[in-house]
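What follows is a set of notes on a single structure, which appears directly below.
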Amino acid sequence: MLDIKELYLKDYIDQEITVSGWIKNHRKQAHFGFIDLSDGTYFKGLQVVYDDNLKDFEEVTKLKLGSAITVTGKLIKSPKEGQTFELTMTSFVLEGDCPDDYPLQAKGRPTREFLREIAYLRPRTNLFNAVFRVRSVAAYAIHKYFNEHNYVYVHTPLITASDCEGAGQMFEVTTLPLGEKPDYSKDFFGKKTALTVSGQLQAETCALAYKKVYTFGPTFRAEDSNTKTHAAEFWMVEPEIAFADLNEDMVVMEDMLKYVVKYVLDNAQDEMKFLDSFVEKGLIEKLTKLVNSKFTRITHEECIKLLLESGKKFEFEPKYGEDIAKEHEKYITEYFNGPVFIYNWPKDIKAFYMKQNDDGKTVAAVDLEVPEAGELMGGSQREENYDKLIARMKELNMDTESMDWYLNLRRYGSCVHSGFGMGFERLLIYLTGVDNIRDVILFPRTPKNCEF
């Protein structure tokens, strides 16, 4: 039995073959019919034709959308323009019937909101079949890039006692009874623990042994937000690089992003053409432009100055020492007509582990802004000096004792090192044109929503 993808890779014309799949469409006439068959291995699928010379003609005409069948027949060149071949059916086996209440039977294109309610069936639609295959191809490209550049893939823990970002928006993990004042000494781990928001701190331990490492796995944040770009469970790509400063960090960020985008364009062409046609017009052109562009670099101070001198009326007034808003990100990328690195951020709005600059006001941190999507990556040079790091932690009233393992990295052969994080779903939103994080995750976890 062949996969449908194999039919597009090798020449099986005029041969008898057998394929299995699910019926995506069934057009029946009085004396013949057409079945669009998909087995999930190739986006295009296969057209199966039959006529009333077929022994089981009446039975074939009763086949419904969604049914699983195995078909045997002769593969012939298709007379239809734009279609390479079709299968002339000689026999079939109904593997699994599908009733009339199948939610995807309805005529017309179902809305994304409706499909979220039946997320277990979403991969059967053209849109989500394309989105989740792009997700697979992009994930492979990320691993491929780092493997080709001598990185070690490390698996950092999902349960942790440290809050990397210091925001406190973590899902607590406990075996203690609900409703009681917690005595964490009696808990499973003997201390307060939670699901991780980042694998960065643990990845640093490996970077100072392997030089170049990365994590790629699920992370969690208990942020009560219902925006299009927030989810409680999401995947992060987090490289850590020893002997690399912020400038070298930005080089890797740019190089990796271009590599992954180009790999997707080259290896998911049918899916990208579909998304370009039905989701975001000009998507392929946008991504191709990114691959061929040179990323601009400006400081946070230069960014604010540019915004203030733009003459544009913003809803949120840009201010030195503060974060920038979506509208600011949009203006900056439009001004430079491409991706922009904004670096040297005010230390008061950034995490404790970031390298302080000599001015005492900023840290060696960077955000990558891309056209139409805004922030896609964030990174920094990590503070490698023990005394400066512990002073910063005390300044923020952090518990240094529980972080002694992290501090000790600065005592035992410390060196300049940097890293960055990229939300995988943020990347997928950019790659697919699908503008809601709920539609690039198989089963999204958002406030008041944990179905399937």
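In region 269-355, the ratio of gyration radius to Kirkwood radius, Rg to Rh, stands at 1.08 when only Cα atoms are counted.
Heavy atoms only, probe 1.4 Å: what % of the accessible area of the chain goes to carbon and sulfur, would you let me know? Intermediate values should be presented prior to the final figure.
Working: 11470 of 23020 Å².
Carbon-and-sulfur percentage of accessible area, whole number: 50.
Each Lys or Arg adds one and each Asp or Glu subtracts one; over the other residues with Cβ under 9 Å from the Cβ of residue 4, this totals -1.
Using per-residue counts of other Cβ atoms within 10 Å, averaged over each peptide, order 210-217, 266-273 from highest down. Present the calculation step by step, with values, prior to reporting the outcome.
Numbers: 210-217: 20.6, 266-273: 16.6.
Top of the packing list down: 210-217, 266-273.
Do you know the relative contact order of the chain, to the nearest whole percent, from alpha carbon pairs under 8 angstrom that are 6+ apart? Once normalised by length, the contact order is 13 percent. When only alpha carbons of region 367-452 are considered, Rg and Dmax amount to 18.6, 48 Å.
Report relative contact order for region 235-378 in percent, whole number only (criteria: Cα-Cα under 8 Å, sequence separation at least 6).
Details: 169 pairs, mean separation 28.3, N = 144.
Relative contact order comes out at 20 percent.
The Cβ shell under 13 Å around residue 283 holds other residues with a net charge of -2, Lys and Arg each +1, Asp and Glu each -1. About the centre of its Cα atoms, the chain shows a dipole size close to 380 debye [charges on the beta carbon of Lys, Arg (+1) and Asp, Glu (-1) only; nearest 20 debye]. Once the C-beta distance of residue 159 and residue 53 is scaled by a Förster radius of 60 Å, the resulting FRET efficiency is 0.40 to the nearest 0.05. Positive-end ranking of 93, 54, 421 along the dipole of the chain, with charges on Cβ about the Cα centre, is headed by 54.
The packing ranking, built from the mean of other Cβ atoms within 10 Å per residue, places the peptides 80-92, 416-428 in the order 416-428, 80-92, highest first.
Sorting 8-16, 153-161 by their mean Cβ neighbour count within 10 Å, with the most densely packed peptide first, gives 153-161, 8-16.
So what's region 131-206 giving for Cα Rg divided by 2.2 N^0.38 Å, two decimals?
Numbers: Rg = 17.2 Å, N = 76, 2.2 N^0.38 = 11.4 Å.
Here the Cα radius of gyration is 1.51 times the empirical estimate.
Please compute the net charge surrounding residue 325, taking Lys and Arg as +1 and Asp and Glu as -1 over other residues with Cβ under 10 Å from its Cβ.
Numbers: positive: 326, 330; negative: 315, 317, 322, 323, 327, 329.
Counting the neighbours of residue 325, the net charge comes to -4.
Simple rule: put +1 on each Lys or Arg Cβ and -1 on each Asp or Glu Cβ in region 118-262, find the dipole, and look at 146, 120, 256; the Cα lying farthest toward the positive end is 120.
In the list [x] 22.9; [y] 28.2; [z] 27.0, the label attached to mean projected area of the Cα convex hull in nm² as derived from the coordinates here is [z].
By the rule of a C-alpha distance below 17 Å, with chain neighbours fewer than 8 residues away ignored, the aspartates and glutamates paired with residue 186 are 172. Summarising the label geometry, the points placed 7 Å from Cα in the beta-carbon direction at residue 107 and residue 1 lie 3.3 nm from one another.
With a 1.4 Å probe and all protein chains left in place, how much accessible area per residue does the chain have, in Å²? Write out the running numbers ahead of the final one.
Details: 23020 Å² over 452 residues.
Heavy-atom accessible area per residue stands at 51 Å².
Would you mind getting me the FRET efficiency between residue 445 and residue 209? Use the beta-carbon distance for r and R0 = 25 Å, nearest 0.05.
On the way: r = 33 Å, r/R0 = 1.33.
With R0 = 25 Å, the Cβ-Cβ based efficiency is 0.15.
Remark: region 178-184, residue by residue, has Karplus-estimated 3J(HN,Hα) of 6, x, 10, 5, x, 10, 5 Hz, where x stands for each Gly or Pro and the curve is 6.51 cos²θ - 1.76 cosθ + 1.60 at θ = phi - 60°.
For the chain, the membrane-span-like helices by this rule, meaning whole DSSP H stretches whose C-alpha atoms cover at least 24 Å of axis and whose Kyte-Doolittle mean is -0.5 or above, are 126-148, 246-267; this says nothing about an actual membrane. Residue 312: which lysines have alpha carbons under 28 Å from its alpha carbon, excluding same-chain residues fewer than 8 sequence positions away? Within the straight-line limit of under 28 Å, residue 312 reaches these lysines: 228, 281, 286, 289, 294, 326, 330, 347, 350, 361. In a solvent-free Debye calculation with one equal scatterer on each Cα, what is log10 I(q)/I(0) for region 1-113 at q = 0.10, 0.23 Å⁻¹, listed in the order of the q values? For region 1-113 at q = 0.10, 0.23 Å⁻¹, log10 I(q)/I(0) is -0.28, -1.41.
The values are calculated or read from the model by the stated rules, or taken from the named source; none is laboratory data. Just so it is clear, the model here is predicted, and its values are computed rather than measured. Cβ sites come from the backbone with ideal geometry, for glycine too, and all protein chains shown count toward neighbours. Just so you know, the surface numbers come from the protein's heavy atoms only, side chains and all, with ligands and any DNA or RNA stripped out. Shrake-Rupley method; radii C 1.70, N 1.55, O 1.52, S 1.80 Å.
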